[in-house]
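To start, the structure itself, in structure tokens.
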Amino acid sequence: MQVPAQFDYERATGVAHAIALLTRYGPESRLVAGGHSLIPMMKLRIANPETLIDINDLDELKGISIASADGADALRIGAMVRHTELLESPLAVEHFPILVDAERVIADPVVRNRGTIGGSLCQADPSEDLSAAFTALHAVAVIEGADGRREVSAREFHTGPYQTVVGDAEILVEVRVPIRPGSGSAYEKVERRVGDWAVAAGGAALWLDADTITEVGIGLTAVGAEHFCAAQAEDYLRGGPVTEERFVEAGRIAAEHVRPTADQRGPEDYKRHLAGELTTRALRRAAARAQHGTEA
Ligand SMILES: Cc1cc2nc3c(=O)[nH]c(=O)nc-3n(C[C@H](O)[C@H](O)[C@H](O)COP(=O)(O)OP(=O)(O)OC[C@H]3O[C@@H](n4cnc5c(N)ncnc54)[C@H](O)[C@@H]3O)c2cc1C
């Protein structure tokens with residue numbers, strides 16, 4: 001089946017308007033952003049929304065900037081930012097190169113030119129790349145509904161495959177990543193061919209004080225990591241020194257705790273092996289960037 005079922009179409013003029021439309025049309029309505037996940041699902045009749053609410057005109061959801069609050073800075077990424085914009089963002093390169101690493105290996109230019117950060121996170125595909133990157137960065141998702149805004153940690157954003165905490169009449173507005181000194185981050189992915197979804201992928205972010213790891217984040221995708229997170233490996237690393245041996249051990253711990261499933265992209269033991277190896281590689285590169293700059 002390649003033709004969607006009949007649906008009504010509304011074009012929102014602002015966030016409040018989009019929320020009002022979601023409220024009016026109820027749970028059978030869906031937001032459409034880039035449409036690269038939703039429209040194929042509609043064509044296959046996996047998704048059959050009665051009303052599509054288009055949020056492509058919402059300037060409030062666009063742009064990448066530095067936001068300051070209570071003396072702390074954060075990188076603010078609007079939900080309607082396209083993958084290409086994040087890939088080419090000088091602010092992302094400067095502060096969180098993990099995002100640029102990840103964007104470089106997401107799909108192809110056609111998808112990246114239309115697909116959005118918000119659509120990717122809300123689609124909540126268990127092989128999605130940015131969820132792992134934002135988990136590693138300890139990012140925060142900002143969600144708006146009729147009662148105002150609320151903030152949810154990236155680690156609590158997904159409640160299961162294709163499920164998130166965003167309610168029926170809510171919108172993901174932006175993602176915020178706190179900017180703190182001494183950081184380095186990197187993303188490593190194995191794919192069957194260029195532009196494919198991950199066989200496995202992992203991202204790491206480190207915050208260093210000299211050679212001591214003061215904070216760490218490790219995100220894994222496509223390997224059944226709970227909340228895209230390698231929490232036990234993070235606990236092992238936090239507070240200790242930067243050493244190759246400890247990065248290898250963190251990879252071993254991460255591999256021990258993932259729950260991959262065999263599919264056309266590979267058997268379980270191969271994905272488990274990749275989870276460990278990619279964790280170690282991402283940590284190694286994140287540390288080099290924290291110590292020697294983004295070019296490392
Ligand atoms: C061929 C192909 C290859 C791909 N490869 C990869 C890959 O390797 N790695 C990867 O990570 N991704 C990959 N993707 C996914 C891609 O990143 C899409 O952009 C993404 O899935 C959805 O973004 P979208 O803006 O198109 O969302 P849409 O399809 O418009 O929406 C997806 C879902 O999110 C909801 N939604 C959208 N925006 C919001 C919002 N602001 N608030 C609340 N709900 C919202 C919609 O209602 C819908 O349910 C691939 C996609 C394709 C088509």
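The values are calculated or read from the model by the stated rules, or taken from the named source; none is laboratory data. Fair warning: this is a prediction, and the values are worked out from it, not measured in the lab. We place every Cβ from the backbone using ideal geometry, glycine too, and count neighbours over all the protein chains shown.
At-a-glance table
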| read-out | value |
| --- | --- |
| Neighbours by Cβ (under 9 Å, 6+ apart or cross-chain): first from the range 168-189, within 16 Å of the ligand (Cβ to nearest atom); second of a type in the set (Asp, Glu) and in a strand (DSSP E or B) | 170/144; 171/144; 172/144; 173/144; 176/151 |
| Where a residue in the range 195-221 is at pLDDT below 95 and its partner, wherever it lies, is within 12 Å of the ligand (Cβ to nearest atom) and hydrophobic (A, V, I, L, M, F, W, C), with Cβ under 7 Å and at least six apart | 195/107 |
| Filter result (assigned to a helix (DSSP H, G or I) and of a type in the set (A, V, I, L, M)) within the range 11-38 | 15, 16, 18, 19, 20, 21, 22, 38 |
| Listing of strands (runs of 3 or more DSSP E) fully contained in the range 86-196 that carry 3 or more residues being touching a Leu at 6+ places or on another chain (Cβ under 7 Å) | 171-178, 183-191 |
| Entirely in the range 229-296, the helices (runs of 4 or more DSSP H) that have 3 or more residues that are over 30 Å from residue 161 (Cβ atoms) | 244-257, 268-292 |
| Out of 148, 160, 195, 202, sole residue that is among the small types (Gly, Ala, Ser), on the phi > 0 side of the Ramachandran plot and not assigned by TED's automatic domain parsing to the domain that holds residue 71 | 195 |
| Candidate set: the range 33-76, residues that are closer than 17 Å to residue 9 by Cα and among the acidic types (Asp, Glu); chosen: the one nearest to the ligand (Cβ to nearest atom) | 54 |
| Residues (within 11 Å of the ligand (Cβ to nearest atom), at negative phi and not charged (D, E, K, R)) located in the range 87-108 | 102, 105, 106 |
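This table checks each residue for (1) β-branched (Val, Ile, Thr); (2) touching a helix residue (DSSP H, G or I) at 6+ places or on another chain (Cβ under 6 Å).
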residue: 106; (1), (2): yes, yes
residue: 110; (1), (2): yes, no
residue: 122; (1), (2): no, no
residue: 149; (1), (2): no, no
residue: 180; (1), (2): no, no
residue: 197; (1), (2): no, no
